[in-house]
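Data block below; observations after.
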Amino acid sequence: MRRLHFILLSMISWASMAQTPIVINEKSATQHGPEKGSLLIIGGGKVGPEIWSRFVELAGGKEKARIVVVTAAAGDEEALKPEHVESIKKQSGVTRVTLLHTKNLTEANSEAFIAPLKEATGVYFIGGRQWRLADSYLNTLTHQAFFEVLNRGGVIAGSSAGASIQGSFLWRGDTKGAHILVGDHTQGLGFLKNSAIDQHLLKRNRQFDLIDFIRKAPELIGIGLDESTSIVVQKDVFEVVGKSFVAVYDYQTNLGNGAAHVTNNREEFTASNGGFILLSEGQKYDLKNRKVLINK
(Lines give C-alpha, C1' and ligand atoms only; values in the text may rest on other atoms or scores of the structure.)
Protein backbone atom coordinates (compact mmCIF):
# COMPACT_ATOMS: atom_id res chain seq x y z
CA MET A 1 0.00 0.00 0.00
CA ARG A 2 2.78 2.45 0.91
CA ARG A 3 4.52 1.71 -2.37
CA LEU A 4 1.32 2.51 -4.28
CA HIS A 5 1.06 5.82 -2.43
CA PHE A 6 4.68 6.60 -3.27
CA ILE A 7 4.10 5.85 -6.96
CA LEU A 8 0.99 8.01 -6.98
CA LEU A 9 2.72 10.94 -5.28
CA SER A 10 5.69 10.57 -7.60
CA MET A 11 3.40 10.82 -10.61
CA ILE A 12 1.86 14.01 -9.23
CA SER A 13 5.30 15.48 -8.51
CA TRP A 14 6.64 14.57 -11.96
CA ALA A 15 3.58 16.06 -13.66
CA SER A 16 4.00 19.29 -11.69
CA MET A 17 7.63 19.64 -12.76
CA ALA A 18 6.85 18.80 -16.36
CA GLN A 19 3.89 21.12 -16.77
CA THR A 20 4.38 24.16 -14.57
CA PRO A 21 6.61 27.26 -14.52
CA ILE A 22 5.98 28.40 -10.91
CA VAL A 23 4.50 26.90 -7.76
CA ILE A 24 1.16 27.92 -6.30
CA ASN A 25 1.15 27.45 -2.53
CA GLU A 26 -2.36 28.40 -1.46
CA LYS A 27 -2.55 27.77 2.29
CA SER A 28 -5.91 27.25 3.93
CA ALA A 29 -7.31 26.17 7.27
CA THR A 30 -9.79 23.90 5.50
CA GLN A 31 -9.03 20.32 4.55
CA HIS A 32 -10.83 20.18 1.20
CA GLY A 33 -12.92 23.21 0.25
CA PRO A 34 -11.98 26.89 -0.01
CA GLU A 35 -11.57 28.91 3.17
CA LYS A 36 -13.33 31.80 1.45
CA GLY A 37 -15.68 31.94 -1.52
CA SER A 38 -17.47 29.01 -3.11
CA LEU A 39 -17.00 26.25 -5.65
CA LEU A 40 -19.77 25.17 -8.00
CA ILE A 41 -18.84 21.82 -9.52
CA ILE A 42 -21.20 20.57 -12.26
CA GLY A 43 -21.34 17.06 -13.75
CA GLY A 44 -21.93 18.12 -17.36
CA GLY A 45 -24.98 17.84 -19.61
CA LYS A 46 -27.74 20.43 -19.47
CA VAL A 47 -27.20 22.92 -16.67
CA GLY A 48 -30.60 23.65 -15.17
CA PRO A 49 -31.98 26.98 -13.93
CA GLU A 50 -31.55 25.98 -10.29
CA ILE A 51 -27.77 25.66 -10.86
CA TRP A 52 -27.51 28.91 -12.83
CA SER A 53 -29.49 30.67 -10.11
CA ARG A 54 -27.06 29.51 -7.45
CA PHE A 55 -24.09 30.56 -9.62
CA VAL A 56 -25.47 34.08 -10.04
CA GLU A 57 -26.25 34.34 -6.34
CA LEU A 58 -22.72 33.29 -5.38
CA ALA A 59 -21.25 35.73 -7.90
CA GLY A 60 -23.04 38.67 -6.30
CA GLY A 61 -26.31 38.86 -8.20
CA LYS A 62 -27.13 39.83 -11.79
CA GLU A 63 -26.39 43.53 -11.31
CA LYS A 64 -23.04 43.14 -9.55
CA ALA A 65 -21.63 39.95 -11.05
CA ARG A 66 -18.59 40.08 -13.31
CA ILE A 67 -17.98 36.71 -14.91
CA VAL A 68 -14.87 35.42 -16.67
CA VAL A 69 -15.49 32.42 -18.95
CA VAL A 70 -12.44 30.16 -19.35
CA THR A 71 -12.63 28.23 -22.62
CA ALA A 72 -9.27 26.43 -22.96
CA ALA A 73 -10.81 22.99 -22.42
CA ALA A 74 -12.64 23.29 -25.76
CA GLY A 75 -9.43 23.58 -27.80
CA ASP A 76 -8.26 26.46 -29.97
CA GLU A 77 -10.78 26.01 -32.78
CA GLU A 78 -13.72 26.31 -30.40
CA ALA A 79 -12.30 28.38 -27.55
CA LEU A 80 -12.62 31.85 -29.09
CA LYS A 81 -16.17 31.49 -30.38
CA PRO A 82 -18.43 34.30 -29.05
CA GLU A 83 -21.19 31.74 -28.47
CA HIS A 84 -19.56 30.83 -25.15
CA VAL A 85 -20.04 34.34 -23.78
CA GLU A 86 -23.51 34.71 -25.25
CA SER A 87 -24.61 31.39 -23.77
CA ILE A 88 -23.47 32.37 -20.27
CA LYS A 89 -25.25 35.71 -20.60
CA LYS A 90 -28.47 34.05 -21.73
CA GLN A 91 -28.47 31.32 -19.11
CA SER A 92 -27.39 33.48 -16.17
CA GLY A 93 -28.86 36.88 -17.00
CA VAL A 94 -25.49 38.48 -16.20
CA THR A 95 -24.39 41.09 -18.76
CA ARG A 96 -20.75 41.59 -17.80
CA VAL A 97 -19.14 38.42 -19.12
CA THR A 98 -15.58 38.24 -20.51
CA LEU A 99 -13.93 35.39 -22.42
CA LEU A 100 -10.44 34.31 -21.30
CA HIS A 101 -8.31 32.00 -23.44
CA THR A 102 -4.70 31.11 -24.04
CA LYS A 103 -2.56 28.01 -24.39
CA ASN A 104 0.64 29.99 -23.89
CA LEU A 105 2.19 29.77 -20.41
CA THR A 106 4.08 33.03 -20.93
CA GLU A 107 0.84 34.84 -21.65
CA ALA A 108 -0.85 33.13 -18.70
CA ASN A 109 1.97 34.51 -16.55
CA SER A 110 1.44 38.12 -17.65
CA GLU A 111 -0.29 40.87 -15.68
CA ALA A 112 -2.09 42.05 -18.81
CA PHE A 113 -3.73 38.66 -19.31
CA ILE A 114 -5.07 38.38 -15.74
CA ALA A 115 -6.56 41.90 -15.70
CA PRO A 116 -10.18 40.67 -16.15
CA LEU A 117 -9.76 38.29 -13.22
CA LYS A 118 -8.85 41.13 -10.87
CA GLU A 119 -12.39 42.47 -11.16
CA ALA A 120 -14.17 39.12 -11.44
CA THR A 121 -16.72 37.91 -8.91
CA GLY A 122 -17.10 34.58 -10.71
CA VAL A 123 -15.19 32.25 -13.03
CA TYR A 124 -16.80 29.61 -15.25
CA PHE A 125 -14.79 26.79 -16.87
CA ILE A 126 -16.59 25.29 -19.88
CA GLY A 127 -16.29 21.62 -20.86
CA GLY A 128 -13.93 19.84 -23.23
CA ARG A 129 -10.70 18.13 -22.17
CA GLN A 130 -9.34 18.92 -18.73
CA TRP A 131 -5.67 18.44 -19.65
CA ARG A 132 -5.88 21.52 -21.89
CA LEU A 133 -6.74 23.62 -18.84
CA ALA A 134 -3.74 22.20 -16.99
CA ASP A 135 -1.43 22.93 -19.93
CA SER A 136 -2.70 26.51 -20.16
CA TYR A 137 -2.88 27.63 -16.54
CA LEU A 138 -1.36 25.24 -14.01
CA ASN A 139 0.90 27.13 -11.57
CA THR A 140 0.83 30.43 -13.44
CA LEU A 141 -0.17 33.94 -12.41
CA THR A 142 -3.57 33.14 -13.89
CA HIS A 143 -3.86 30.12 -11.59
CA GLN A 144 -3.04 32.38 -8.65
CA ALA A 145 -5.62 34.91 -9.85
CA PHE A 146 -8.31 32.19 -9.82
CA PHE A 147 -7.57 31.63 -6.14
CA GLU A 148 -7.76 35.37 -5.54
CA VAL A 149 -11.33 35.36 -6.88
CA LEU A 150 -12.15 32.86 -4.13
CA ASN A 151 -10.25 34.88 -1.53
CA ARG A 152 -12.43 37.90 -2.37
CA GLY A 153 -15.53 35.81 -1.69
CA GLY A 154 -16.31 34.96 -5.31
CA VAL A 155 -17.25 31.69 -6.98
CA ILE A 156 -15.38 29.30 -9.26
CA ALA A 157 -17.68 27.11 -11.34
CA GLY A 158 -17.20 24.58 -14.09
CA SER A 159 -19.01 21.80 -15.93
CA SER A 160 -17.67 18.46 -17.19
CA ALA A 161 -13.93 19.08 -17.77
CA GLY A 162 -14.49 22.31 -15.86
CA ALA A 163 -15.54 20.18 -12.90
CA SER A 164 -12.66 17.70 -12.96
CA ILE A 165 -10.01 20.42 -13.23
CA GLN A 166 -11.14 21.79 -9.85
CA GLY A 167 -9.79 18.73 -8.03
CA SER A 168 -6.20 18.38 -6.86
CA PHE A 169 -5.70 15.05 -8.67
CA LEU A 170 -6.67 15.30 -12.33
CA TRP A 171 -8.94 12.34 -13.11
CA ARG A 172 -9.25 11.29 -16.79
CA GLY A 173 -6.49 13.76 -17.65
CA ASP A 174 -4.67 11.76 -20.32
CA THR A 175 -4.18 13.40 -23.73
CA LYS A 176 -5.02 10.13 -25.50
CA GLY A 177 -8.56 9.97 -24.18
CA ALA A 178 -10.93 10.10 -21.21
CA HIS A 179 -11.02 6.30 -21.01
CA ILE A 180 -7.56 6.44 -19.37
CA LEU A 181 -8.33 7.17 -15.74
CA VAL A 182 -4.81 8.01 -14.51
CA GLY A 183 -2.78 9.35 -17.39
CA ASP A 184 -0.09 11.78 -18.49
CA HIS A 185 -1.68 14.75 -16.67
CA THR A 186 -2.41 14.14 -13.00
CA GLN A 187 -2.38 17.59 -11.37
CA GLY A 188 -5.56 19.65 -11.27
CA LEU A 189 -5.94 23.29 -10.30
CA GLY A 190 -6.68 22.18 -6.73
CA PHE A 191 -9.57 24.42 -5.72
CA LEU A 192 -11.02 21.33 -4.01
CA LYS A 193 -7.98 20.03 -2.15
CA ASN A 194 -7.16 16.35 -1.61
CA SER A 195 -9.72 15.24 -4.15
CA ALA A 196 -10.37 13.56 -7.49
CA ILE A 197 -13.51 14.57 -9.41
CA ASP A 198 -15.41 12.64 -12.10
CA GLN A 199 -18.41 13.76 -14.18
CA HIS A 200 -21.19 12.42 -16.48
CA LEU A 201 -21.32 9.74 -13.78
CA LEU A 202 -24.48 7.71 -14.32
CA LYS A 203 -25.14 8.87 -17.87
CA ARG A 204 -21.85 7.28 -18.98
CA ASN A 205 -21.88 4.40 -16.47
CA ARG A 206 -18.78 5.65 -14.66
CA GLN A 207 -19.99 5.10 -11.09
CA PHE A 208 -17.51 2.30 -10.31
CA ASP A 209 -14.38 3.88 -11.81
CA LEU A 210 -13.14 5.78 -8.73
CA ILE A 211 -13.48 2.92 -6.25
CA ASP A 212 -10.11 1.19 -6.67
CA PHE A 213 -8.26 4.48 -7.07
CA ILE A 214 -9.54 5.83 -3.74
CA ARG A 215 -8.64 2.55 -2.04
CA LYS A 216 -5.07 3.05 -3.25
CA ALA A 217 -5.04 6.74 -2.29
CA PRO A 218 -7.24 6.96 0.83
CA GLU A 219 -5.96 10.43 1.68
CA LEU A 220 -8.05 11.68 -1.25
CA ILE A 221 -11.82 11.89 -1.42
CA GLY A 222 -13.57 11.03 -4.67
CA ILE A 223 -16.54 13.01 -5.96
CA GLY A 224 -18.57 11.78 -8.94
CA LEU A 225 -21.34 13.95 -10.40
CA ASP A 226 -24.06 12.92 -12.79
CA GLU A 227 -25.22 15.24 -15.57
CA SER A 228 -27.44 18.23 -14.69
CA THR A 229 -26.23 17.92 -11.10
CA SER A 230 -23.76 19.96 -9.05
CA ILE A 231 -22.32 20.56 -5.64
CA VAL A 232 -21.81 23.92 -3.96
CA VAL A 233 -18.71 23.74 -1.77
CA GLN A 234 -18.16 26.25 1.02
CA LYS A 235 -15.32 25.55 3.42
CA ASP A 236 -15.51 21.79 4.11
CA VAL A 237 -19.21 21.24 3.41
CA PHE A 238 -21.00 20.72 0.12
CA GLU A 239 -24.67 20.76 -0.86
CA VAL A 240 -26.15 18.94 -3.85
CA VAL A 241 -28.00 21.11 -6.38
CA GLY A 242 -29.61 19.55 -9.46
CA LYS A 243 -31.74 16.75 -10.82
CA SER A 244 -29.69 13.58 -10.33
CA PHE A 245 -27.08 12.16 -7.95
CA VAL A 246 -23.61 12.82 -6.58
CA ALA A 247 -21.41 9.92 -5.46
CA VAL A 248 -18.89 10.18 -2.63
CA TYR A 249 -15.94 7.76 -2.59
CA ASP A 250 -14.29 7.54 0.82
CA TYR A 251 -11.97 4.74 1.89
CA GLN A 252 -12.63 5.43 5.56
CA THR A 253 -16.40 4.79 5.58
CA ASN A 254 -17.55 3.22 2.30
CA LEU A 255 -16.14 -0.27 2.72
CA GLY A 256 -19.15 -2.11 4.10
CA ASN A 257 -18.26 -1.35 7.73
CA GLY A 258 -21.62 0.23 8.34
CA ALA A 259 -25.02 0.90 6.82
CA ALA A 260 -27.84 3.39 6.89
CA HIS A 261 -29.61 3.40 10.25
CA VAL A 262 -32.45 5.31 11.86
CA THR A 263 -31.96 7.72 14.76
CA ASN A 264 -34.85 9.81 16.08
CA ASN A 265 -36.92 8.89 13.02
CA ARG A 266 -34.24 10.22 10.66
CA GLU A 267 -32.27 7.99 8.35
CA GLU A 268 -28.54 8.61 8.72
CA PHE A 269 -26.31 7.55 5.84
CA THR A 270 -23.02 7.04 7.66
CA ALA A 271 -21.65 4.36 5.35
CA SER A 272 -22.63 2.12 2.49
CA ASN A 273 -22.27 -1.53 1.65
CA GLY A 274 -20.32 -0.68 -1.48
CA GLY A 275 -17.62 1.62 -2.72
CA PHE A 276 -19.63 4.84 -2.67
CA ILE A 277 -22.72 6.60 -1.33
CA LEU A 278 -25.21 8.55 -3.45
CA LEU A 279 -26.59 11.95 -2.45
CA SER A 280 -29.40 13.92 -4.08
CA GLU A 281 -30.84 17.44 -4.23
CA GLY A 282 -30.54 19.36 -0.96
CA GLN A 283 -28.39 16.81 0.87
CA LYS A 284 -25.20 18.06 2.48
CA TYR A 285 -21.89 16.36 3.13
CA ASP A 286 -19.11 17.16 5.61
CA LEU A 287 -15.88 16.65 3.66
CA LYS A 288 -13.61 17.02 6.68
CA ASN A 289 -15.40 14.52 8.88
CA ARG A 290 -16.60 12.48 5.89
CA LYS A 291 -20.24 12.11 6.80
CA VAL A 292 -23.66 13.09 5.52
CA LEU A 293 -25.22 15.99 7.38
CA ILE A 294 -28.82 15.28 8.34
CA ASN A 295 -31.36 18.03 7.64
CA LYS A 296 -33.30 18.85 10.77
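Data overview
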{"quantity": "Matching residues in the stretch 232-276 - criterion: being closer than 21 Å to Glu219 by Cβ, modelled with pLDDT of 95 or more, hydrophobic (A, V, I, L, M, F, W, C) and surrounded by 20 or more Cβ atoms within 10 Å (Cβ to Cβ)", "calculated": "Val233, Phe238, Val246, Ala247, Val248"}
{"quantity": "Condition check for Glu83: charged (D, E, K, R), farther than 20 Å from Ser38 by Cβ and modelled with pLDDT under 95", "calculated": "no"}
{"quantity": "Residue within the stretch 204-218 that is at pLDDT 95 or above, under 15 Å from Ala134 (Cβ atoms) and touching a strand residue (DSSP E or B) at 6+ places or on another chain (Cβ under 6 Å) present", "calculated": "no"}
{"quantity": "Residue within the stretch 279-292 that is within 16 Å of Ala196 (Cβ to Cβ), part of a loop (DSSP other than H, G, I, E, B) and modelled with pLDDT of 95 or more present", "calculated": "yes"}
{"quantity": "Boolean, Gly173 is in contact with a Gly (Cβ under 7 Å, 6 or more places away or on another chain), farther than 29 Å from Ile211 by Cα, modelled with pLDDT of 95 or more and outside any helix (DSSP H, G or I)", "calculated": "no"}
{"quantity": "Residue satisfying condition, being assigned to a helix (DSSP H, G or I), among the basic types (Lys, Arg) and either more than 15 Å from the chain's Cα centre (by Cα) or farther than 19 Å from Ile41 by Cα (or both), within set Lys81, Lys89, Lys62", "calculated": "Lys89"}
{"quantity": "Top-ranked residue in the stretch 72-90 [being surrounded by 15 or more Cβ atoms within 10 Å (Cβ to Cβ) and small (Gly, Ala, Ser); ranked as nearest to Glu107 (Cα to Cα)]", "calculated": "Ala72"}
{"quantity": "Matching residues in the stretch 45-71 - criterion: being surrounded by 24 or more Cβ atoms within 10 Å (Cβ to Cβ) and among the small types (Gly, Ala, Ser)", "calculated": "Ala59"}
{"quantity": "Residues (more than 13 Å from Gln283 (Cβ to Cβ), among the small types (Gly, Ala, Ser) and touching a Leu at 6+ places or on another chain (Cβ under 8 Å)) located in the stretch 207-246", "calculated": "Ala217, Gly222, Gly224"}
{"quantity": "Residues located in the stretch 205-233, provided they are among the charged types (D, E, K, R) and in contact with a Gly (Cβ under 9 Å, 6 or more places away or on another chain)", "calculated": "Arg206, Asp209, Asp212, Arg215, Asp226, Glu227"}
{"quantity": "Among the residues listed as Ala178, Ala163, Ala157, Ala196, the single one being part of a helix (DSSP H, G or I) and among the small types (Gly, Ala, Ser)", "calculated": "Ala163"}
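The values are calculated or read from the model by the stated rules, or taken from the named source; none is laboratory data. All of these numbers come straight from a predicted model, not from anything done at the bench. For neighbour counting, all protein chains shown are included, and Cβ atoms are generated from backbone atoms with ideal geometry for every residue, glycine included.
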